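Student: Mind having a look at this structure? Questions to follow.
The values are calculated or read from the model by the stated rules, or taken from the named source; none is laboratory data. Model, not experiment: these values are computed from the prediction. Reconstructed Cβ throughout: ideal geometry from the backbone, glycine too, with neighbour counts over all protein chains shown.
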Amino acid sequence: MKPTPSHLAYVPFVSVENMMRLVNATGPERFMAELADYIEEDFKRWPEFDKTPRVASHSQDGVIELMPTADSENYGFKYVNGHPKNMREGYQTVTAFGVLSSVANGYPILFTEMTVLTALRTAATSALVGKYLAPKGAEVMAMIGNGAQCEFQALAFRAICGINRLRLYDIDPAATEKAARNLIAQGFEVVKCASGNEAVEGAQVITTCTADKQYATILTDNMVGAGVHINAIGGDCPGKTELHKDILLRSDIFVEYPPQTRIEGEIQQLPEDHPVIELWQVMRGELPARRDAKQITLFDSVGFAIEDFSALRYVHDRIKGTDYFAPLDMLADPDDPRDLFGMVMRAA
């Protein structure tokens, strides 16, 4: 008699289709606002986590990374790539999947796509940080780089920070047209700009999000006036930056995990001992956030595993009692845990 899987063999699997269903049923702004609450909750218990810089395998074409972390109850990891050339070949620049497991027995409790979810968690993290660092009453955001992340960032900043006017620029006019079309449909006031200099005019928040894997100067020093908040999310690996070094020297720099950011972030341009402020301490009230109206704040964002852990926790909680997942026969479950071979033979 062929063995049949028990309930222990099955892991909830959230496909791209089901992730999109979940996002649309929730509403993208509500989804990211709720996700930001999970991220904030986990940042406030930062010392409880095992932390390590992501494990990266670099090639001339891009990077493949594993991003693990764990608390006392769960272990989570994300597999993610970054290949800037992919768009020219019809592929996504970034794809990802993730797993959440029980520390108690090592069994996965969630397997999910994370290409869409990473875009959502990146934007949720940016806007959460903006809640602490953006100028009071900020309404205008410049978006330099109008690719796949652009709309998510705008929606998250509106939901969490009140941003409602956008100034868009991309070296590819088609990307700006795409973003403008999508964002106008979402109710934003949008200005399409011919240069980065034009985009930052009157902006209280500046988001940079470009994909080229190289040292670049998306923002020059003269483009950044007093009092702005810079949300720098494009620099995320060694040899890739977006900001002129002089901007860093004028800014108070806020980071997720310094050992990773010093390798991958904008601060790879600075000495190892250049002072930075860890966001978990800001969120716990141990260090100040924005101090005054003239301060330039910089979120040197590279993405950290705890944010993905939060996203996995959120999705795991949200799918309970729904049909937004499929049970995946993923774990061998012999009647006798010692007789894995016998289970295989009975399946013949």
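Student: Go through (1) in a loop (DSSP other than H, G, I, E, B); (2) touching a residue at least 12 places away in the same chain (Cβ under 8 Å) one by one and return the number of the condition residue 271 breaks.
Tutor: Only one criterion is unmet by residue 271, namely (2).
Student: May I pose another question? For the range 180-221, name all the residues that are within 24 Å of the chain's Cα centre (by Cα) and farther than 28 Å from residue 268 by Cβ.
Tutor: 180, 181, 182, 183, 184, 185, 186, 187, 188, 190
Student: Follow-up. Looking at the range 33-44, can you tell me whether even one residue there is within 21 Å of residue 305 (Cα to Cα), outside any strand (DSSP E or B) and without any contact (Cβ under 8 Å) to a residue 40 or more places away in the chain?
Tutor: The answer is yes, given that some residue of the range 33-44 is within 21 Å of residue 305 (Cα to Cα), outside any strand (DSSP E or B) and without any contact (Cβ under 8 Å) to a residue 40 or more places away in the chain.
Student: Can you confirm whether the range 252-264 contains a residue that is among the polar types (S, T, N, Q), assigned to a loop (DSSP other than H, G, I, E, B) and in contact (Cβ under 8 Å) with a residue 60 or more places away in the chain? Spell out how you get there, then give the answer.
Tutor: Here is the first cut: in the range 252-264, the residues among the polar types (S, T, N, Q) are 260-261.
Now restrict to residues that are assigned to a loop (DSSP other than H, G, I, E, B): none.
No, the range 252-264 contains no residue that is among the polar types (S, T, N, Q), assigned to a loop (DSSP other than H, G, I, E, B) and in contact (Cβ under 8 Å) with a residue 60 or more places away in the chain.
Student: Considering only helices (runs of 4 or more DSSP H) fully contained in the range 94-206, which possess at least 3 residues that are among the hydrophobic types (A, V, I, L, M, F, W, C), in contact with a helix residue (DSSP H, G or I) (Cβ under 6 Å, 6 or more places away or on another chain) and more than 30 Å from residue 332 (Cβ to Cβ)?
Tutor: Helices (runs of 4 or more DSSP H) meeting the threshold: 115-133, 150-161.
Student: Could I ask something else about it? Got a number for residues in the range 100-135 being surrounded by fewer than 24 Cβ atoms within 10 Å (Cβ to Cβ), more than 25 Å from residue 279 (Cα to Cα) and touching a Phe, Trp or Tyr at 6+ places or on another chain (Cβ under 7 Å)?
Tutor: 4
Student: Can you pull out every residue in the range 295-322 that is part of a loop (DSSP other than H, G, I, E, B) and more than 21 Å from residue 115 (Cβ to Cβ)?
Tutor: Residues satisfying the conditions are 295, 296, 320, 321.
Student: Moving on. Answer yes or no as to whether residue 309 is touching a Ser or Thr at 6+ places or on another chain (Cβ under 6 Å), of a type in the set (A, V, I, L, M, F, W, C) and surrounded by 21 or more Cβ atoms within 10 Å (Cβ to Cβ).
Tutor: Yes: the conditions hold for residue 309.
Student: Let me ask something additional. Residues in the range 90-99: is at least one in contact with a Pro (Cβ under 9 Å, 6 or more places away or on another chain), at pLDDT below 95 and of a type outside the set (Gly, Ala, Ser)? So that I can check it myself, show each step before the final result.
Tutor: Of the range 90-99, the ones in contact with a Pro (Cβ under 9 Å, 6 or more places away or on another chain) are 93, 99.
Then keep just the ones that are at pLDDT below 95; that gives 93.
With the extra rule that they be of a type outside the set (Gly, Ala, Ser), the set shrinks to 93.
Yes, there is a match, as at least one residue in the range 90-99 is in contact with a Pro (Cβ under 9 Å, 6 or more places away or on another chain), at pLDDT below 95 and of a type outside the set (Gly, Ala, Ser).
Student: Separate question: When you look at residue 235, is it closer than 28 Å to residue 120 by Cβ and touching a Gly at 6+ places or on another chain (Cβ under 6 Å), yes or no? Please lay out each step first, then the result.
Tutor: Details: closer than 28 Å to residue 120 by Cβ: yes; touching a Gly at 6+ places or on another chain (Cβ under 6 Å): yes.
For residue 235, the condition - closer than 28 Å to residue 120 by Cβ and touching a Gly at 6+ places or on another chain (Cβ under 6 Å) - is met.
Student: Based on what the data block shows, is residue 176 farther than 18 Å from residue 299 by Cβ, in the same structural domain as residue 298 (by TED's automatic domain parsing), in contact with a strand residue (DSSP E or B) (Cβ under 9 Å, 6 or more places away or on another chain) and not basic (Lys, Arg)?
Tutor: Considered against the rule, which asks whether it is farther than 18 Å from residue 299 by Cβ, in the same structural domain as residue 298 (by TED's automatic domain parsing), in contact with a strand residue (DSSP E or B) (Cβ under 9 Å, 6 or more places away or on another chain) and not basic (Lys, Arg), residue 176 comes out as yes.
Student: Filter the range 3-23 down to residues that are hydroxyl-bearing (Ser, Thr, Tyr) and in contact with a strand residue (DSSP E or B) (Cβ under 7 Å, 6 or more places away or on another chain) and give me whichever is farthest from residue 98 (Cα to Cα).
Tutor: Here the answer is 10.
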